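J.: Handing you a structure now.
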Amino acid sequence: MTNKSYLIIACASIVILLSMGVRQSFGLFQTPIAQTFGIGLAAFSLSLAIQNLLWGLSQPFIGALADKFGSGRIIALSAIAQVIGLLVLANATSIWELHLGVGVIIGIAGSGTTWAVLLAVVARNVPENRRSFFFGLTSAMGTGGQIIIAPINQISINTFGWVDTIFMLSILLITIVPLAYVLRGKAPNSSVRQEAADTLSAALNKARKHSGYLFLTAGFFVCGFHVMFIMAHLPTYLTTELQLAAWLPGTAISVIGATNLIGTVFFGWLGDKYSKKYLLSTIYFLRSVTMAGFIAFPASEISVLVFCFFIGFLWLSTVPLTNGLVGQIFGIKYLATLGGIVFASHQVGSFVSVWIGGWLFDLTQSYMVIWQVAILLGIIAAVLHLPIKDKPVSETATQAA
């Protein structure tokens with residue numbers, strides 16, 4: 001690898017850190033924004049739900065634009081659009097402006113500065129036999145934003161207020177624009193081996209007919225379901241249903257973030273050495289085991305932190321393996337598009353778990369049913385990954401001929 005390759009990986013990691021750090025901080029703004037507007041939490045929560053859903057649904061289209069016109073342009077324009085969304089939020093005077101700025105603009109624009117587009121950049125600048133490791137390293141920076149930027153934002157909100165903090169975040173995000181210049185370019189028409197598809201439509205058609213791709217997409221739905229259910233509802237579960245200490249939710253989320261850094265890099269490294277599909281199957285199964293153990297034993301502060309340690313280790317470890325498997329099967333030419341479609345499924349799962357989790361809690365005053373659903377889905381995802389045909393489609397076509 002060249003020095004330029006390492007520079008590109010560093011810039012991609014910084015972009016993901018900044019973008020995800022801002023995105024993961026919006027929960028901190030719920031209470032001050034609700035107080036400013038004299039509304040409940042439901043309105044801004046809807047803005048965040050819209051953001052996550054549009055992030056996923058727009059990802060394949062943003063990925064396709066990056067594949068066609070080059071990643072640098074898309075990353076820069078997406079960063080500028082996110083700044084506009086933040087400024088709309090800072091100057092909002094009505095609820096619909098909250099939905100527009102945070103939900104619609106940032107929801108769509110964020111697709112250009114997160115995993116699908118950035119991992120496609122990384123893929124074309126690292127050796128294939130080390131791709132999974134660098135996917136893990138870059139993906140882990142998303143949690144780096146959670147650990148670094150979110151606490152700084154909390155201090156800034158308490159010191160300067162939420163509006164000034166939004167302006168500071170705008171300045172932070174605009175620094176992505178010069179980084180986009182380093183990340184410019186798109187995949188060449190061919191690589192060491194002939195790419196699996198010469199046109200986007202051909203690549204989409206091959207993916208649509210590939211059972212392994214469909215299984216991957218279904219599995220990533222489960223990943224989104226797990227992650228957002230825990231992120232959105234664990235604090236309420238701990239303090240309301242389990243009646244545990246008020247300090248515990250924040251600490252629990254921090255433990256998840258810290259161990260996720262280790263787990264994502266570790267499984268990315270393993271993905272270069274062992275079968276990605278079997279690693280993914282193992283991760284989903286271990287998630288179910290971890291959740292089952294958590295709800296089966298008596299709850300305490302210690303048991304919660306132990307659960308968060310292990311679930312954090314498995315948190316985003318699916319990201320480098322899933323994207324790596326898409327690139328392994330279909331090549332990297334249209335990775336941003338094909339990876340974006342899989343990611344869209346992840347965000348639909350996120351939306352469903354957040355909504356269903358709240359609905360079931362209101363209905364039963366308990367999260368037990370949704371925990372059981374999450375465990376069952378993890379087992380299903382583990383089974384779905386086992387039969388995936390992970391040979392490159394170009395090799396499969398050659399053998400068939």
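J.: Could you check the range 346-380 and list, in sequence order, the residues that are of a type in the set (G, A, S) and either assigned to a helix (DSSP H, G or I) or buried (at least 21 other Cβ atoms within 10 Å of the Cβ) (or both)? Break it down stepwise before answering.
T.: Taking the range 346-380 and keeping what is of a type in the set (G, A, S), we get 349-350, 353, 357-358, 366, 374, 378.
Scanning the range 346-380 gives G349, S350, S353, G357, G358, A374, G378.
A quick yes/no check of all residues on (1) at pLDDT below 95; (2) assigned to a loop (DSSP other than H, G, I, E, B); (3) under 22 Å from the mean Cα position of the chain (by Cα):
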| position | (1), (2), (3) |
| --- | --- |
| A207 | yes, no, yes |
| P235 | yes, no, yes |
| G268 | yes, no, yes |
| K273 | yes, yes, no |
| S288 | no, no, yes |
| F310 | no, no, yes |
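J.: Looking at I75, I84 in this structure, which one is closer than 30 Å to I262 by Cβ and either part of a helix (DSSP H, G or I) or in the same structural domain as S45 (by TED's automatic domain parsing) (or both)?
T.: Values: I84 fails: closer than 30 Å to I262 by Cβ.
On inspection, the qualifying residue turns out to be I75.
J.: Here's another thing I want to ask about it. Looking at (1) modelled with pLDDT of 90 or more; (2) within 30 Å of I380 (Cβ to Cβ), which is the one condition that is false for A203?
T.: Unmet for A203, out of (1) modelled with pLDDT of 90 or more; (2) within 30 Å of I380 (Cβ to Cβ): (1).
J.: Only one residue in T175, T159, T143 is assigned by TED's automatic domain parsing to the domain that holds I80 and surrounded by 18 or more Cβ atoms within 10 Å (Cβ to Cβ), so which one is that?
T.: Numbers: T175 fails: surrounded by 18 or more Cβ atoms within 10 Å (Cβ to Cβ); T159 fails: surrounded by 18 or more Cβ atoms within 10 Å (Cβ to Cβ).
Residue meeting the stated conditions: T143.
J.: Can you tell me which residue among V126, V117, V121 is touching a Leu at 6+ places or on another chain (Cβ under 7 Å) and touching a residue at least 24 places away in the same chain (Cβ under 8 Å)? Show your work before the answer.
T.: Values: V126 fails: touching a Leu at 6+ places or on another chain (Cβ under 7 Å); V117 fails: touching a Leu at 6+ places or on another chain (Cβ under 7 Å).
Of the residues listed, the single one that is touching a Leu at 6+ places or on another chain (Cβ under 7 Å) and touching a residue at least 24 places away in the same chain (Cβ under 8 Å) is V121.
J.: It is to be established whether one or more residues within the range 253-260 are in contact with a helix residue (DSSP H, G or I) (Cβ under 6 Å, 6 or more places away or on another chain), in the same structural domain as L325 (by TED's automatic domain parsing) and closer than 21 Å to Q372 by Cα. Steps first, please.
T.: From the range 253-260, those in contact with a helix residue (DSSP H, G or I) (Cβ under 6 Å, 6 or more places away or on another chain) are 255-257, 259-260; that's our starting set.
Checking the rest, the ones that are also in the same structural domain as L325 (by TED's automatic domain parsing) come to 255-257, 259-260.
Narrowing further to those that are closer than 21 Å to Q372 by Cα: 256.
Yes, the range 253-260 contains at least one residue that is in contact with a helix residue (DSSP H, G or I) (Cβ under 6 Å, 6 or more places away or on another chain), in the same structural domain as L325 (by TED's automatic domain parsing) and closer than 21 Å to Q372 by Cα.
J.: Checking the conditions here, which among T251, T259 is modelled with pLDDT under 95, part of a helix (DSSP H, G or I) and in contact with an Asp or Glu (Cβ under 9 Å, 6 or more places away or on another chain)?
T.: Working: T259 fails: in contact with an Asp or Glu (Cβ under 9 Å, 6 or more places away or on another chain).
Of the residues listed, the single one that is modelled with pLDDT under 95, part of a helix (DSSP H, G or I) and in contact with an Asp or Glu (Cβ under 9 Å, 6 or more places away or on another chain) is T251.
J.: Show the residue pairs meeting these rules: Cβ distance below 8 Å; 6+ apart or different chains; first residue within the range 245-266 and free of Cβ contacts under 8 Å to residues at least 40 places away in the same chain; second residue among the acidic types (D, E) and in a helix (DSSP H, G or I).
T.: Sorted first by the residue in the range 245-266, then by its partner, the list stays empty.
J.: Step by step: first the residues of the range 113-151, then only those that are modelled with pLDDT under 85 and among the β-branched types (V, I, T), then the one that is farthest from F167 (Cα to Cα). Which residue is that?
T.: Checked the range 113-151; the qualifying residue farthest from F167 (Cα to Cα) is T143.
J.: If I go through the range 38-55 residue by residue, how many of them are modelled with pLDDT under 85, among the hydrophobic types (A, V, I, L, M, F, W, C) and part of a helix (DSSP H, G or I)?
T.: Going through the range 38-55 one residue at a time, the tally reaches 7.
J.: Another question about this same structure. Exactly one of these conditions fails for P298: (1) free of Cβ contacts under 8 Å to residues at least 12 places away in the same chain; (2) part of a helix (DSSP H, G or I). Give me its number.
T.: Failing condition for P298: (2).
The values are calculated or read from the model by the stated rules, or taken from the named source; none is laboratory data. Quick caveat, the model's predicted, so the values are computed rather than measured. Cβ: placed from backbone, ideal geometry, glycine included. Neighbour counts: every protein chain shown.
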